[in-house]
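One structure below.
The values are calculated or read from the model by the stated rules, or taken from the named source; none is laboratory data. For clarity, every value in this text was computed on a predicted model and none was experimentally measured. Cβ coordinates were reconstructed from backbone atoms using ideal geometry, including for glycine residues, and neighbour counts include every protein chain displayed. Quick note on the areas: whole protein, heavy atoms, side chains included, nothing else; ligands and nucleic acids left out. Shrake-Rupley method; radii C 1.70, N 1.55, O 1.52, S 1.80 Å.
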Amino acid sequence: MKEIERCKILIEAMPAVAWITNRDRSDYYISPSVSSVLGYSQVEILSQGEDFWKSHIHEADLKKAIAAVNDLFVQKNAYAIHFRVRHRLGHWVWVRDKVVSYTTEKDDEFAIGMLFDVTEQREAENRLIESQKRFFDLAENSTDWFWEFDENTVFTYSSPGVYRILGYTPEEVIGKNAFDFIPSPEKEKVAREFAESKNVHAPFSNLENINRHKNGHMVSIESSGSPIFDAEGRFRGYRGIDRDITSRKQMEAQLLHAQKMDAMGILAGGIAHDFNNILAGIMGFADLLELSISKEEHAFHYITGIQKASERARQLVQQILTFGKKTESTQTQVIVEDMIDETISFMRATLPATIHINKENCVDDSTFVTDSAKLQQVLINLCTNAAHAIGKSHGRITLSVDFVSLDEKKSALSSDIRTGMYLKLTVADTGCGISEVVLPKIFDPYFSTKEKGKGTGLGLSVVHGIVTQQNGFITVDSEEGKGTQFHIYLPKKTEISSRESIEDIEEFPGSGEHILFVDDEPLLTQVQQLSLEAMGYRVTATTSSVDALNRFKQQPQLFDMLIADYTMPNLTGEELADAVVSIQPDTPVIICSGYCESVFERVVQKNGARSYLMKPVERNVLAKTIYEYFHKNK
């Protein structure tokens, strides 16, 4: 009895619920601790017997629970199952029922069980399952790449995002070394960052690196992750996420390029301004020298040479200013063959001796109305591209120009092509050629087949943009190993919106009008004073805008016109014009500058000036401008 009593005390003290029943369920016992698990007393459950369980076990679990007990009496195998039981308060309690069979000496069969409350454990497991499912759904459907690799950097997990980023399936990646996808220059950097993360037991984030795509091109990646350690603190690998930032890096490069172009434009404007002042002096003195000697003298031809060279320099400065400004460029009349000669001369200085460049089959008269700076850029970009295609091999670049007529049959090939006369520029090379796969992509921004650091992928896209802006089109003939021909078609224009031709200086003589001239460059002030006096004007010249204003204040009626440089210390040409017009509103003002034309057109209009002139000012242009003003106002 004492032993039975001790067992009873032990069973009733256990937090687990003990129960026993025979095969026909006529003999049934359950321990009092059932009340702490289900809220029902021992008496309530014993009074109902098997019916209690049939009415309180969850409908989805009942069949499983009954079958398990029945099988026990047949097969004598112990079992453990989980099922839900309704609590007195109405909620469901998860229990784990561990049951064994027992047969007495009299062959009486019993089922003996221990019922444990595992609700918290099941809820924790469900939360874990839900968390895992949430992670799985995110990883499997994200455009980012979730990954995990072991202590040997061998991938043990990869999400489908790897296909979107690197072109591999997860199955192709798992089992491979993570560093197999990273090019050599990047491996050391990435390995250092990973090792540092492991050593300090800390995550890493926003690690920029390069991975190689399955098709061979490089992909910019941003990696974040953390090292993995087990319960004993042993290093087990890394897990993390990679994001494709190639587009972002391209946009950053584009923005940086635009900022560089802005900075270069500002620099170009400053250089052009200073060079224009020097060039204006050279052109001015050459014009004065021309007036002082006879055309029959041998030296007269030298002067003509100086003037031609100065005019070429002036056009070059205009190209620099066009490069630097953000406005629409000027359409001018150019001789395209001369531009080809300039391009060939420029390229010869930069090409290796193994590449020959020349022109052939050029039309006799290649006069054409276009944006000269942009057309030159098209030629240089195409020649540079051709040189890259030839590489270190021996090769040839050929340029040609012609005028062709496109009839309706040819223009029907594309809605962008109109009938009419076109200037046709051809740049041909004997380089490696372009494959059929690559050819459709060559005008895409940032697309490049060159190695990293050997091209921006912008050259041909810039060419395409310039040609399209001028209502032209491009065709390409190429075959791998046999070279490439780019054909540029630009519609021929018959009119030009630039300044009309200027007559000889003798047609615009002065009549003794008094001009106040100011420029902070002494050389330019000297030559312009002499030039204006030779035209028949009286001139008061000074290199100080403050001095000019003081002279005007003292005798405003003495001066018939103000000609001023825009950029001067103390008082700019704009400020000087403001002051002069405020004293004598009908005083005409001409402002000259070597900066961007569109900017100074707005400035002089705001200040009441009648004209603006871009440096270096041609003598006959200045003569006509002054003459027309005085005579229109008489």
Solvent exposure, largest accessible area first (probe 1.4 Å, DNA, RNA and ligands not counted), of Met251, Met114: Met251, Met114
Radius of gyration, Dmax [the range 144-300; alpha carbons; angstrom]: 29.8, 104
Solvent-accessible area of Glu148 with every protein chain in place, 1.4 Å probe, in Å² to the nearest 10: 50 Å²
Computed [θ] at 222 nm, helices only, for the chain once each DSSP H run of length n ≥ 4 contributes -39500 (n - 2.57): -14000 deg cm²/dmol
Extension reserve of the Gln254-Ser36 stretch, reckoned as 0.36 nm per residue once the Cα distance is removed: 71.4 nm
Per-residue ³J(HN,Hα) for the range 175-183, Karplus 6.51 cos²θ - 1.76 cosθ + 1.60, θ = phi - 60°, Hz, x for Gly and Pro: x, 8, 7, 4, 7, 5, 9, 10, x
For the range 152-231, Kirkwood radius (reciprocal of mean inverse C-alpha pair distance, Å): 13.4 Å
Accessible area (Å², 1.4 Å probe, nearest 10) - Trp147: 10 Å²
Nearest-20 debye value, the chain charge dipole, Cβ charges on Lys, Arg, Asp, Glu: 1100 debye
log₁₀ of I(q)/I(0) at q = 0.10, 0.11, 0.12 Å⁻¹ - the range 1-156, Debye sum with one point per alpha carbon: -0.50, -0.57, -0.64
14 Å reach of a label modelled at Ser205, 7 Å along Cα-to-Cβ, counting backbone N of the range 215-252: 223-226, 241
For the range 428-443, Karplus couplings with θ = phi - 60° (6.51, -1.76, 1.60), whole Hz, Gly/Pro x: 10, 9, 9, x, 6, x, 10, 6, 5, 6, 7, 3, x, 9, 5, 9
Furthest towards positive pole of dipole, Gly594, Gly465, Leu128, structure part the chain, Cβ charges: Leu128
Heavy atoms of Tyr28: accessible area, 1.4 Å probe, square angstrom to 10: 50 Å²
Gain upon complete extension [Phe630, Glu436; 0.36 nm per residue less C-alpha separation]: 63.2 nm
Rough spin-label spacing in nm, given labels placed 7 Å along Cα→Cβ, for Phe179 and Lys63: 5.7 nm
Degrees between helix 336-348 axis and first principal axis of the chain (Cα, 0 to 90, nearest 10): 60 degrees
The chain: angle of helix 573-583 to the longest principal axis, Cα-based, in degrees nearest 10: 60 degrees
Computed log₁₀ I(q)/I(0) - Debye formula, equal Cα scatterers, no solvent, the chain, q 0.07, 0.09 Å⁻¹: -0.73, -0.96
Gained length - Ser55 relative to Tyr28, 0.36 nm times residue gap less alpha-carbon distance: 8.0 nm
Cα-Cα P(r), the range 16-103, percent of pairs per 10 Å interval: 16, 53, 29, 2
Where labels lie 7 Å past Cα in the beta-carbon direction, separation of His356 and Asp341 in nm: 2.1 nm
5 angstrom amide H check on Thr332, placed H, neighbours 5+ away: Thr370, Asp371, Ser372
Long pairs among Lys392/Lys441; Lys553/Lys632; Lys54/Lys98; Lys424/Lys615, criterion Cα-Cα beyond 29 Å: Lys424/Lys615
